[in-house]
Amino acid sequence: DIKLAKQFPEYATLANPQPLKTTQIQAQLKSDEALLYFMTSNRAVYIWVLTDKNLSWTRASLERTRLRTQVAELRKALDPSSAGTRGFAPDAVDDLASSNGQGPLKTSFDLKASWQLYKELLQPLEGVIKDKKHLLIVASDALTALPFQVLLTAPPPISGVDESAVYRQADWLIKRYALTTLPSISSLKALRQFAGKSGRAPKPLIAFGNPVFSSQKSTSRVAKSGVSSFYRGGRVNLAALAQLSQLPDTKDELLNVARSLNVPVSELKLGRAATETNVKALDKSGELAKHAIVYFATHGLIAGDIKGLAEPALALSLPAKATTLDDGLLTASEVTQLHLNADWVVLSACNTASGDKPGAEALSGLARAFFYAGAKSLLVSHWPVYSDAATLLTTKSFKAIEEGKALNKPIGRAEALRRAMLSLINKKEDKLASNPSYWAPFVVVGEGAVQ
């Protein structure tokens, strides 16, 4: 640890941040911000709120078991690939995505449960945060598996109209605040120092997506039991990785994003081109550092779920034979060796924001790795995203930032994502758009404020 801190101080600051005094944290907060920290125990959840001038806290009598159950139930209705009565049936996902919202909804998000969770966790602190515009959230345990924007700040609307209208009328937390996720309290200072230390990259976008895991066109999800065998004898088990489901929608997602940003198709590394070899080659040539947005649309694998590997990874196209250069997995330690100058790194992949089960590490280690590599902020998903929703949310966020600069009224990344989400919630012509499963998958991680 001493050697790492001496030779790689920036990495040590992110990977093993030292505690900061209250006054040091307050010095990093803007007048319109509040930092919320959640700590869970077996019998309660403790919530601290820190502003530039005050510190408050409260205790919610919410047992860990009940909290995990509540979050798990809410996620069932959010993840479009979940099976069960509260989620989309796997075979209904394509129908919903292709219907452009005109088909019947297959899920019903529990608005009452969302409101109840808000009442227990945040309502006691409303007096402290009501005048703020930006909330910075450090979650723990089950709360890492839930994007806070889906909490309701008031009782659900009582209406006889269709479900999409009820969703539009609901008082989502995102209607009040822009939200940013932080890896830890102590990381705030380091992230704000890193975010403003380099200039703007000249090119808009480079992306990797729709990787090839198998020669067969399989769309089935990987059984959880298969994840533990991805590594065998310390080496990647390519046969096990070949079980990963193909992601054909990510090709459409990236083509739509490129088209919206007027980016040539040559900047998209799709299918067989979405390889670890290409990522590293583009890094070595300096090309990665020339792009303001670096976009990965693929599976994220969480540390602890993979037997034999203590770090998370992004799955890319599988090589014929695993080598040190390319074994199909871009691990967090390999990410730290990249050289980025990205305003955004987008991880539009299942499991990159949180684990399938409540209590998993919030950011799976990938966030810290990308920050060290030079990313200013991340846009990461909590569940597999509809390709059209991903396109709208990302491009609207990117464009909101640029429009603010052009008008000399800059906005932060968290506010840009908030506006993108609200535009979908209010999209009356699309009945699916107001469903939180559609508009709420992404969170901003890192620096979400105006730079």
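Overview of values
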{"quantity": "Sequence-distant residues sharing a close amide H with residue 386 (under 5 Å, placed H)", "calculated": "none"}
{"quantity": "Placed amide H near residue 432: partners under 5 Å, 5+ positions off or other chain", "calculated": "101"}
{"quantity": "Rounded accessible area of residue 150 (nearest 10 Å², 1.4 Å probe)", "calculated": "0 Å²"}
{"quantity": "Solvent-accessible surface (1.4 angstrom probe) belonging to residue 69, in square angstrom, nearest 10", "calculated": "80 Å²"}
{"quantity": "Per-residue HN-Hα couplings for segment 282-290 [Karplus 6.51, -1.76, 1.60; θ = phi - 60°; Hz; x = Gly/Pro]", "calculated": "5, 5, 4, 7, x, 5, 4, 5, 8"}
{"quantity": "Segment 137-193 versus segment 366-389: alpha-carbon centroid distance in Å", "calculated": "17 Å"}
{"quantity": "Size of charge dipole - segment 382-451 - debye, nearest 20, with Cβ of Lys, Arg +1 and Asp, Glu -1, no other charges", "calculated": "160 debye"}
{"quantity": "Accessible surface, 1.4 Å probe, highest first, among residues 39, 421", "calculated": "39, 421"}
{"quantity": "Dipole of segment 371-451, positive end: most advanced residue of 401, 439, 375 [Cβ charges, Cα centre]", "calculated": "401"}
{"quantity": "Solvent-accessible area per residue for segment 411-451 (1.4 angstrom probe, square angstrom)", "calculated": "26 Å²"}
{"quantity": "Under Karplus coefficients 6.51, -1.76 and 1.60, residue-wise ³J(HN,Hα) of segment 48-57 in Hz, glycine/proline x", "calculated": "9, 10, 10, 10, 5, 10, 9, 10, 9, 8"}
{"quantity": "Residue-wise HN-Hα coupling along segment 249-257, computed from phi with Karplus coefficients 6.51, -1.76, 1.60 (Hz; x: Gly, Pro)", "calculated": "5, 5, 5, 4, 4, 6, 4, 5, 5"}
{"quantity": "Surface accessible to a 1.4 Å probe, residue 437 within the full protein complex, Å²", "calculated": "0 Å²"}
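The values are calculated or read from the model by the stated rules, or taken from the named source; none is laboratory data. Please read these numbers as outputs of a predicted model, since none were measured by experiment. Ideal geometry is used to build each Cβ from the backbone, glycine not excepted, and the neighbour counts take in all protein chains shown. Note: accessible area is taken over every heavy atom of the protein model, side chains too, but ligands, DNA and RNA are not part of it. Shrake-Rupley method; radii C 1.70, N 1.55, O 1.52, S 1.80 Å.
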